[in-house]
Every structure is written in C-alpha cells, then in structure tokens.
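Structure, as structure tokens:
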Amino acid sequence: MIGYAKARIGWARHIAKLNAMQDMEEFQAYVRYVRPREFLRFEAHSGEKRREFQIVCQRLSICLSGRAFLDIGPGYGDALDICHEQQASTSDFVESDPFFHAYNRLKNIGLAYRLNHLFQLGRLEPEKYGLIWCKGSIGADAFATKKPWRGGRFLYLRGWLAKVHRVASREATIVICPHWRNDGNRRAIEDVRNNSFAAEMFEHGYTAIENIDGHHIQPGYPITFLRQRSG
C-alpha cells in the first residue's frame, strides 16, 4: 500500500494530460517522452501475458464470445484485447494507474473506469459481467491483517467481494489470483490454503486452483480462486 501511495504522487503531474488525450499516437509520443517505467515493463511482457490469459481460459473452459468482460487492473490490457478479438460483448476495465487507463481507454473496446477498485466498484453497473478477471490487483496479505490502510480505513475482504459479486451476472465466472507478499524466496503467509484470506474465499463459494504453468508463479502468485455461479 505504501507503493501505491508513492505511485499516486508520481502520477499527479501526468493525470490531466493523459485524461485529455483522444488519440493513440499522441499517447505513444508521450510515453516515448516520459518513459514511464511500469508501463514499459508491462509492454515488454505483453506476449507472455497474452499467453497466460489464453492458457487460463483453456484450462478453465471459459468461453469468451458474447460475454461481458470486466478486468480489474488490466495493466497493458492483454486480456481485454483477447476478449475483444474473441467477440466478447464488451471489454470493460477498472484501473487507477493513469498510463494504463489512458492506453486501454484509447483502444475504444469497452468502458474505462479510472477509480480505486478496493472502495469504488459500487459505481459500476450491477449484474452486468459474465466474466470477471483480477490478477495481482489485490494483495492477500492486506486483507489478512487488521491494520488500517490509508485514511484510517480498513480492508475487509468480505466487503470487497460483495462489490465484485454485485457487478457479476447471475451465471458469472470470477477468476481472482491475488499477490502474496514475499522476499523473493518465501511468502509472509506460507500456507496459501489455510489462512484467513483463503477461508473467506472458500466461505463465499470459491474453489482453489494451482499449478497452471505460466499463470502461477512462485512465490508471489501461487494460487487462483475461482467462482462459477449457476443462477
């Protein structure tokens, strides 16, 4: 969360200009000028992220055609692109980073929400999305502690899930792969199935999936939680 606060400070001088852009060429020229590190890092790994999303969809037998898709934290937007190519009914996203938001907004393939999904998902249309994807945009450790985040607010997984479920359609597939804090070798929470975060997910009808090559990467992304509603 400290990293998020620092990022917001760095974004401040770019937000107004990026929000006003209406042309992808203008955006690309601005990127070449300011060289935003995180955006360029995601751009460099775009091919890997495309393959990852395709592998997960194949492994979980997810059909994209005709489904309303929501990406919570799309980064470079590779999953958005694939859903659009596979004729999803819409490819919407929620993103707080102004560079990722501007880039994906300028693709003109769905609704673009620039907001903090932890607290503001309630602004989205209810019961709309048949597929919701969230890879790395939440940290399991943040929800598993009782320490306040910024502004004295606490993060309650139950409340965040309620917002996610509110925007999901009656037969939605929800795929959540959280990040787990680690030192590069070991996680702060080693057992990803037996902890307060996982317990809350299981209580809300999620199943745990592990060992999808290219998607699960130790130690930060070891497990995915899947919820498939049936009406």
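The values are calculated or read from the model by the stated rules, or taken from the named source; none is laboratory data. Note that the structure is predicted; figures quoted are calculated from it, not measured. We place every Cβ from the backbone using ideal geometry, glycine too, and count neighbours over all the protein chains shown. To get the accessible areas, we keep the full protein, side chains included, count just its heavy atoms, and leave off ligands, DNA and RNA. Shrake-Rupley method; radii C 1.70, N 1.55, O 1.52, S 1.80 Å.
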Exercise for review: Quick one: what are the phi-derived ³J(HN,Hα) couplings along the stretch 23-31, Karplus 6.51/-1.76/1.60 with θ = phi - 60°, whole Hz, x for glycine and proline?
Suggested key: 9, 5, 5, 5, 4, 4, 5, 5, 4
Study note, to complete from the structure: Computed for the stretch 1-113: size of charge dipole around the Cα centre, +1 on C-beta of each Lys and Arg, -1 on C-beta of each Asp and Glu, debye to nearest 20, value 380
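Just to verify a number: FRET efficiency for Arg166 and Phe202, C-beta to C-beta distance, R0 = 35 Å, to 0.05? The partial results should precede the final answer.
Details: r = 20 Å, r/R0 = 0.57.
Step by step, r from the Cβ atoms, then E = 0.95.
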**Study point:** the stretch 124-141 - phi-based ³J(HN,Hα) in whole Hz, Karplus 6.51/-1.76/1.60, Gly and Pro as x
**Key:** 7, 5, x, 6, 9, 9, x, 9, 10, 10, 9, 10, x, 8, 10, x, 4, 5
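Quick check on the stretch 98-231: take the gyration tensor over C-alpha atoms, sort the square-rooted eigenvalues as a ≥ b ≥ c, and tell me if it's rounded (a/c under 1.5), prolate or oblate. Walk me through the numbers before you get to the answer.
Values: a/c = 1.40, a/b = 1.31, b/c = 1.07.
Rounded shape, in that the Cα axes give a/c under 1.5.
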Practice item. At 7 Å along the Cα-to-beta-carbon direction for both Gln218 and Arg181, put a label point, then send me their distance in nm to one decimal. Key: 2.2
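Suppose the chain between Leu111 and Glu85 were pulled fully straight at 0.36 nm per residue; how much longer would it get relative to their current alpha carbon spacing?
The span from Leu111 to Glu85 would gain 7.8 nm if fully extended.
Just order 181-189, 201-209, 95-103 by mean Cβ neighbour count inside 10 Å, highest at the front, would you?
Descending mean neighbour count gives 95-103, 201-209, 181-189.
As an exercise, use a Förster radius of 25 Å and the Cβ-Cβ distance of Glu210 and Leu40 to find the FRET efficiency, rounded to the nearest 0.05.
0.20
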Study note, to complete from the structure: Expressed in nanometres to one decimal, the distance between label points 7 Å along Cα→Cβ at Ala20 and Gln54 is 4.0
Check your understanding: Ignoring any ligand, DNA or RNA, what whole percent of the accessible area of the chain comes from carbon and sulfur when the probe is 1.4 angstrom?
Key -> 48
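At 1.4 Å probe radius, can you tell me the per residue accessible area of the chain in Å²?
Result: 51 Å² of accessible area for each residue.
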